[in-house]
Amino acid sequence: MTPGDSGMMPPSKVLVTGGAGFIGSAVIRLLVGEIGCAVVNVDKLTYAANPSSLAPIDHSPLYAFEQVDICDRTAIAAVLQKHQPDAIMHLAAESHVDRSIDGPGDFIQSNIVGTYTLLEAVRGYWMEMPEESRSRLRFHHISTDEVFGSLGTEGAFTEETRYDPRSPYSASKASSDHLVRAWHETYGLPVVLSNCSNNYGPYHFPEKLIPLMIIKGIRGEPLPVYGKGENIRDWLYVDDHARALWAILSKGRTGESYNVGGDDEVPNIEVVARVCALLDALTPRADGVSHDQQITFVQDRPGHDFRYAIDATKLTRELGWSPRETFETGLRKTVTWYLENNDWWERILDGRYAGQRLGSTETSSD
Ligand code: TDX
């Protein structure tokens, strides 16, 4: 097999875990809505899940939903038997660093125990498959660049970078990556892995920087920037990530991992300033003052990683992927989406998360 030429048939039915989440729902909208691939969405529907993010495709005959916890091995085995997928994309995870500081237990359970349980259920299913379908099965584990730790001002993470997770969240994701590789080496399970940079875009749960700033900006509330806002993230538009994941699942080499990044590094304070500039243009404040007057500097996140940057050369070279959106075009689309879809986020603010500070010992400055 030569790189980029897997000779593989693309999967026809994918079991997606965490498909009611931010990245999972983007993947399902792509697979069902554009690619025409059948999907079984396995989601426990925790606080960050939004079934309404699947409204564009949830009436499709290609789409099925199972409300199941990945930690429930018997239930997962039954779903695998019932739907007979030829690929698994594992996106179910607790993903918010600040929540992992407040309560690491859920991260250990979902990200480590959940991945282990899913791997065992899939291994059982795979071993029982007829030989022909067995060689086609693929387990794609979706992970994060945070497993590599924090960069200084120079350099970027490659697939060879040493793991150095520093938060309970990233340590739990690093553990899950190790489990997936171990199941490949030990049992021969056909796996592929990917590690992505910070995603943003429509349907993003408002605990994360960009949607939180857009929503607080619209509502005239203070915009809490941690520390001095100098930390740098590499921003990837979620639909670009979804396309990368499909390329990796359908063409990536078994046992390999691929980094996915937007090649768009921006310090947090500039991210917030750009959100403010877009809000000024698209929905000016009644008093004529810029939204950037709402920026407030608050206590830093404990153990705050300084900089993440992804080198996605391998993915581009082997699988021909590159992002379609720049941070400028993607952010404009994102801010516009939040302005036009207040029903989606107001329902979250009313019940599940009201925008308060998480992951800090300081009383919220909001
Ligand atoms: O209110 C805020 N103010 C602020 O300054 C929030 C919520 C965040 N920040 C800062 C912290 C980070 O430097 O903004 C940056 C981005 O924060 P998050 O949106 O929480 O993302 P991050 O911690 O970078 O982690 C993200 O990228 C990797 C995702 O949440 C992870 O799930 C992913 O794995």
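The values are calculated or read from the model by the stated rules, or taken from the named source; none is laboratory data. Owing to the predicted nature of the structure, the values given are computational and were not obtained by experimental measurement. A quick note on method: Cβ atoms are made from the backbone with ideal geometry, for glycine too, and the neighbour counts reach across all protein chains shown. For the accessible areas, the whole protein counts, side chains as well, though only heavy atoms, and no ligand, DNA or RNA atoms are used. Shrake-Rupley method; radii C 1.70, N 1.55, O 1.52, S 1.80 Å.
All of 136, 162 fail the test of being away from the ligand (no atom under 15 Å from the Cβ) and touching a Phe, Trp or Tyr at 6+ places or on another chain (Cβ under 8 Å), apart from 162. The numbered conditions (1) β-branched (Val, Ile, Thr); (2) more than 23 Å from the chain's Cα centre (by Cα); (3) in a helix (DSSP H, G or I) are all true for residue 271 except (2).
Scanning region 227-266 for residues that are assigned to a strand (DSSP E or B) and open to solvent by 40 Å² or more (accessible area, probe 1.4 Å) turns up just one, 265. Applying the condition of being of a type in the set (A, V, I, L, M, F, W, C) and in a strand (DSSP E or B) to region 293-311 and asking which residue is nearest to residue 214 (Cα to Cα) yields 295.
Within region 189-214, the set of residues being aliphatic (A, V, I, L, M) and either closer than 30 Å to residue 128 by Cα or within 11 Å of the ligand (Cβ to nearest atom) (or both) comprises 189, 191, 192, 193, 209, 210, 212, 213.
Of everything in region 215-240 that is among the small types (Gly, Ala, Ser) and touching a helix residue (DSSP H, G or I) at 6+ places or on another chain (Cβ under 8 Å), the residue that is farthest from the ligand (Cβ to nearest atom) is 220. Selection of helices (runs of 4 or more DSSP H) fully inside region 94-200 by the criterion of at least 2 residues being open to solvent by 10 Å² or more (accessible area, probe 1.4 Å) and touching a residue at least 40 places away in the same chain (Cβ under 8 Å) returns 97-102, 114-128, 168-187. Just one of 297, 306, 327 is under 21 Å from the mean Cα position of the chain (by Cα), within 16 Å of the ligand (Cβ to nearest atom) and open to solvent by 40 Å² or more (accessible area, probe 1.4 Å); which is it? When all the criteria are applied, what remains is 306. Condition test on residue 327, is it of a type outside the set (Asp, Glu), under 18 Å from residue 214 (Cβ atoms) and touching a residue at least 60 places away in the same chain (Cβ under 8 Å)? Yes, satisfied. Checking the structure you have, find out if any residue of region 38-48 is open to solvent by 30 Å² or more (accessible area, probe 1.4 Å), of a type in the set (D, E, K, R) and in contact with a Gly (Cβ under 8 Å, 6 or more places away or on another chain). No, every residue in region 38-48 fails to be open to solvent by 30 Å² or more (accessible area, probe 1.4 Å), of a type in the set (D, E, K, R) and in contact with a Gly (Cβ under 8 Å, 6 or more places away or on another chain). Does any residue of region 208-225 turn out to be farther than 23 Å from residue 348 by Cβ and either touching a residue at least 24 places away in the same chain (Cβ under 8 Å) or not hydrophobic (A, V, I, L, M, F, W, C) (or both)? So far as region 208-225 goes, no, none of its residues is farther than 23 Å from residue 348 by Cβ and either touching a residue at least 24 places away in the same chain (Cβ under 8 Å) or not hydrophobic (A, V, I, L, M, F, W, C) (or both). For region 218-227, the criterion of a residue being of a type in the set (A, V, I, L, M) and within 18 Å of residue 23 (Cβ to Cβ) is satisfied by no position.
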